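A quick write-up on the structure given underneath.
The values are calculated or read from the model by the stated rules, or taken from the named source; none is laboratory data. Keep in mind that what you see is a predicted model, and the values were worked out from it rather than measured. Virtual Cβ from ideal backbone geometry, glycine too; neighbours counted across all protein chains shown. Surface areas here come from the heavy atoms of the whole protein model, side chains and all, with no ligands, DNA or RNA. Shrake-Rupley method; radii C 1.70, N 1.55, O 1.52, S 1.80 Å.
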Amino acid sequence: MFDRDIYFNFLKTSRLGKELVTLDIVDSTNAWVAERLDEQRLHFAVVVAENQTEGRGRLGRNWLSPPLVNLAFSLAWGTNIDIKNLNTVTLAAGIALCCACQEVAKLTPELKYPNDLVFNGKKLGGILAELRQQGDQNIVVLGIGVNVNTQNNQFPEELQRTSTSLFQLTGMSLSREKLLASMINHLELWLDFLSENGSKLVIEEYRKYCSTFIQREVEVISGSRIIVGVAIGIDDNGGLLVEVSPGVVETVYSGETRFFD
Amino acid sequence: MGQLSMNFSEIKKLIRLFEGSEVTELEVEQEGIRVLMKKNSPSIPLQNQIPISTEIVHTQSPEVVLRPAHQKPDRSGLSNILESPMVGTFYRASSPTSPSYVEVGDMVKPGQILCIVEAMKLMNEIESEVTGKVSKIFPESGKPVEFGEPLFEIDPI
């Protein structure tokens, strides 16, 4: 079971994650938080679940995770920064998770556009954010799932070739509590950085984490559009620049990306 | 939304100044609140009490309802145009298998979710800020939208 003492021993934040809610089983931590945004105490809280039955992926997809071995958590972050700058909150969160993996597992994942944590092309984790308005504040509910100690046979068969875990990559069983504390420490740093500096500097840093995907062929399924071309960079608003034919560049801000070698 | 920075008496002062001037259109935006005043015809002499249309709704009380800049009436002043607050992809439902949040003809109320605009996996649930009837849905679901692009037309009740 999740050990709160270990988590608090490693937590170094000023407010994020000081309130920790641990749930044995929940449909979705994001839904749990989103339903309770009226409770002020939850505005910077972290909610971690041992077992998520309906973890949310993008557009209603499920996030599958075996119980007790991984991290599935959500947090609410209240902010007054404008929506234009909030666009990059998931990029900032992605950077934070990479920093925490480096600190605890000595391994730095890459960010597949926009913010899937991947290592050697296999998915380690994902982020999904929901934006709500509560009075004058924007509240971002960040939902994060990371494969920590999953063994290969614990992944459903269809995911074994495309997913991986920190355990599989390092051969070490990691403390989930220490990793969560490190993630929250870095998330606070990066979310505050976004608040203070805006998107521009976040995007500059983000480019380093997705550099291996640039100059590669990509297919983006964005809503009802399919864009195929070569990823040539990230623009100053965080959009992925795709050269669809010589000299013709499209910018995409959302969607599923598939990169080819 | 930010705190309203213009109060009712300041807006009344603005209207008086506008009425007494030869200016035919005046738009003031401050911290997300936009006030648009228009005289119907610039050729009508000023003493004939030129009707003014504004984006501020005067109710009988007489309260003033201020709308955030991204939800504003159209030029006729009869309906509200809800604009996209960000660049992203417009979705009418929470997932491909879910029913649409609203259809044309539906009644909506403040706080009711109308759609999602997604950018970089940030799902922004866009809520109605008025009570009214959805008269138009501009983008197709799954299409990209720009900042300020019209999403919905809502006839207030």
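Have a look at A:114, A:156, A:246 and tell me which one the Gaussian network model of chain A (Cα, springs below 10 Å) gives the largest fluctuation.
A:246
Gap in Å between the Cα centre of region A:117-147 and the Cα centre of region B:86-114?
Going from one Cα centre to the other spans 21 Å.
Efficiency by 1/(1 + (r/R0)^6): what FRET value for residue A:107 and residue A:232, r their Cβ-Cβ distance, R0 = 22 Å, to the nearest 0.05?
With R0 = 22 Å, the Cβ-Cβ based efficiency is 0.20.
Using a 1.4 angstrom probe on heavy atoms only, work out the carbon and sulfur share of the accessible area of region A:136-196 in %.
45 percent
Averaged across orientations, what area in nm² does the convex hull of the alpha carbons in region B:81-156 project?
Value for region B:81-156: 4.3 nm².
Have a look at region B:86-134 and report residues whose accessible surface goes down by 40 Å² or more when the remaining protein chains are included, against the chain on its own, probe 1.4 Å, ligands and DNA/RNA excluded.
Relative to the lone chain, where solvent access is computed with a 1.4 Å probe, region B:86-134 loses at least 40 Å² at B:87, B:91, B:118, B:120, B:121, B:122, B:123, B:125.
What percent do you get for the relative contact order of chain A when only Cα pairs under 8 Å and 6+ apart count?
In percent, rounded to a whole number, it is 18.
With the alpha-carbon atoms as the only input, what is the per residue convex hull volume for region A:214-259 in Å³?
About 62 Å³ per residue, rounded to a whole number.
With viscosity set to 1.002 mPa s and temperature to 20 °C, compute the Stokes-Einstein D of chain A, Rh being the Kirkwood radius across alpha carbon pairs; µm²/s, no decimals.
115 µm²/s
Once you charge only the Cβ atoms, +1 for Lys and Arg and -1 for Asp and Glu, what is the size of the charge dipole of region A:214-259 about its Cα centre, to the nearest 20 debye?
120 debye
By average Cβ neighbour count within 10 Å, what is the ranking of A:86-94, B:114-122 from highest down?
Put in order of decreasing packing, that is A:86-94, B:114-122.
Given the options A:211, A:182, A:28, state which has the largest fluctuation in a GNM of chain A using a 10 Å cut-off (strictly under) for Cα springs.
A:211
Got a sec? Charge dipole of region A:186-261, +1 on Cβ for Lys and Arg, -1 for Asp and Glu; which of A:220, A:191, A:240 is way out at the positive end?
Of A:220, A:191, A:240, it is A:220.
Taking the mean number of other Cβ atoms within 10 Å as a proxy for protection, how do you rank A:1-13, B:84-96 from highest to lowest?
Sorting A:1-13, B:84-96 by mean packing, highest first, produces B:84-96, A:1-13.
Under a point-charge model restricted to the Cβ atoms of Lys and Arg (+1) and Asp and Glu (-1), what is the dipole moment magnitude of chain A relative to its Cα centre, in debye to the nearest 20?
I would put it at about 340 debye.
Would you please give the FRET efficiency between residue B:146 and residue A:12, computed as 1/(1 + (r/R0)^6) with r the Cβ-Cβ distance and R0 = 30 Å, to the nearest 0.05?
The value I calculate is 0.15.
Any idea of the total accessible area buried by the B-A contact, 1.4 Å probe, rounded to 100 Å²?
Counting both chains, the buried surface is close to 2500 Å².
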